[in-house]
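Here's the structure, in structure tokens; my notes come after.
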Amino acid sequence: MGTMAVLFYNDGGSDANDENIKSKKKDVERLSTSKPFMKKCQDYFWGLIFLLPAIAIFCVFLWTPIVKGIVYSFMNVDFVHGNKFIGLDNYRDIFASSLLGTSVINTLYYMLLCILIGFWVPSIVSIAVSELRWFRGSMRLIVYLPNIVPAVVLYGMWQWLYDPLGPANQIMSWFDSQQIMWLTDKSMAMLSIVIAETWQSFGTAALIYLAGIVSIPKDLYEAAEIDGAGVLQRIRYITIPGIRHLYILLFILQLIGTSQGFLTHMALTGGGPNNATLTYMYQIINEAFTNLNYGRASAMGVLMFLVLSSLSIILYTIQGRSKQA
């Protein structure tokens, strides 16, 4: 009996000790979770304070117009007599317009030409500059120079180059080619715009590619040279895989940027000839500032916002799956 009592007493004491240990562990866990949280709040407090002005500006000048554009797309915007809610009438008018199909097809054709011509130029130029042994810094400056040219000067220069008696046709005459109407021929107008925009804007993308190439460890290139790899082999097996993530990023940015192109079209061709260079964004500008139909222009902007957002999500999803694979 005495032995059993002792055993019973010891079992009860061990249970009590286990409960005390568990409660202490829980208290320690609470303290360990609360302290880092409070420490994180203290660490991020001043950072959030400094970010508040930028967040406020971002919300006021970006998200507020987006929200208002969505609201205006359901209204007949009239600054004199007041806005009137008209439901989906603006969207019905858009899909009933004969210019919608023309502008969408022109925009897709313009985006395709920009990808086939303009997307690869910055990559090729950046790889060529990175392989230079001398004057690499000077070449970076020369590559970026077209971005510094003011838009007014740029468009005037290309109108002069594309003139029927301008330098472009004079160069073509050296090869016994017929005179090309660069900006007034429906088959050549969009291509002429893409060439002009590629020359103007490839410098920024080239610098991004160059930054990615610089971040590739030099040990890889040195090891490749020791193994006897040539220039093309280094580019194929080291440079291109090292900047592959930039191709996806800049591809998405190019799709978004080219889908909103209208400035060069407005300056060089005015959407002509016969609406051959009328893009979707240019049609939005015409609806808003020529026809003064802000509700319909807002509805067209909302449709573009939805399409580009969906496209970006799909491309980033594909990129994420490729990384996991």
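Bin width 10 Å, origin at 0, all Cα-Cα pairs of segment 180-325: what percent of pairs per bin?
10, 26, 28, 21, 11, 4, 1
Compute the Rg to Rh ratio over segment 271-325 from the alpha carbon atoms, using the Kirkwood formula for Rh, and round to two decimal places.
We get a ratio of 1.24 for segment 271-325.
Might you report the magnitude of the Cβ-based charge dipole of the chain about its Cα centre, with Lys and Arg at +1 and Asp and Glu at -1, to the nearest 20 debye?
My answer is approximately 460 debye.
At 1.4 Å probe size, what's the solvent-accessible area of Met139? Round to the nearest 10 Å².
So the heavy atoms of Met139 present about 70 Å² to solvent.
Take the solvent-accessible surface of the protein heavy atoms, probe 1.4 Å, and return the percent of it on segment 235-304 that carbon and sulfur atoms account for.
Using a 1.4 Å probe with all protein chains present, segment 235-304 comes out at 62 percent carbon and sulfur.
Magnitude of the Cβ-charge dipole of segment 112-208, K/R +1 and D/E -1, about the Cα centre, nearest 20 debye?
Result for segment 112-208 is approximately 360 debye, rounded to the nearest 20.
Does segment 79-192 come out rounded, prolate or oblate by the C-alpha gyration tensor, with a ≥ b ≥ c the root eigenvalues, rounded set by a/c under 1.5 and, if not, prolate when a/b is larger than b/c and oblate if not?
prolate
In the chain, what is the volume of the convex hull around the alpha carbon atoms, normalised per residue and reported in Å³?
311 Å³
Using helices alone, I'd like the mean residue ellipticity at 222 nm for the chain: each DSSP H run of four-plus residues gives -39500 (n - 2.57), total over residue count, nearest 500.
It comes out at -23500 deg cm²/dmol, rounded to the nearest 500.
Whole number please: convex hull volume per residue of the Cα set in segment 195-269, in Å³?
In segment 195-269, the Cα hull volume divided by residue count equals 91 Å³.
For Leu51 and Asp176, what is the calculated FRET efficiency with R₀ set at 56 Å and r taken between the beta-carbons, to the nearest 0.05?
After rounding to 0.05, the efficiency reads 0.35.
Specify the residue with the greatest mean-square fluctuation among Val152, Val71, Val143, computed from a Gaussian network of the chain linking alpha-carbon atoms under 10 Å apart.
Ranking Val152, Val71, Val143 by mean-square fluctuation puts Val152 first.
Answer with one residue from Leu154, Asn83, Phe61: the one whose Cα lies farthest towards the positive end of the charge dipole of segment 42-182, charges on Cβ with Lys, Arg +1 and Asp, Glu -1.
Looking along the dipole axis, the top candidate is Phe61.
Take the chain, connect every pair of alpha-carbon atoms lying under 10 Å apart with a spring to form a Gaussian network, then pick out the residue of Lys218, Lys186, Lys84 with the largest mean-square fluctuation.
Lys218
Ranked highest first by the average count of other Cβ atoms within 10 Å around their residues, in what order do 103-115, 197-209 fall?
197-209, 103-115
Quick one: accessible area per residue over segment 159-314, 1.4 Å probe, rounded to a whole number of Å²?
Ligands and nucleic acids excluded, the result is 53 Å² per residue.
Would you work out which of Asn275, Tyr44, Leu99 lies farthest towards the positive end of the dipole of the chain, given +1 charges on the beta-carbon of Lys and Arg and -1 on that of Asp and Glu, about the Cα centre?
It is Tyr44, whose Cα lies furthest towards the positive end.
Anyone know which of Asp185, Asp89, Asp43 comes out most mobile in the 10 Å Cα GNM of the chain?
Sorting by GNM fluctuation, first place goes to Asp43.
Kyte-Doolittle cut-off -0.5, length cut-off 20 Å along the helix's own axis using Cα: show which whole DSSP H helices in the chain pass.
TM-like helix candidates: 2-58, 98-113, 186-214, 244-259, 294-324.
The values are calculated or read from the model by the stated rules, or taken from the named source; none is laboratory data. Everything numeric in this text was worked out from a predicted model, so none of it was measured. We place every Cβ from the backbone using ideal geometry, glycine too, and count neighbours over all the protein chains shown. Heavy atoms of the whole protein, side chains included, go into the accessibility calculation; ligands, DNA and RNA do not. Shrake-Rupley method; radii C 1.70, N 1.55, O 1.52, S 1.80 Å.
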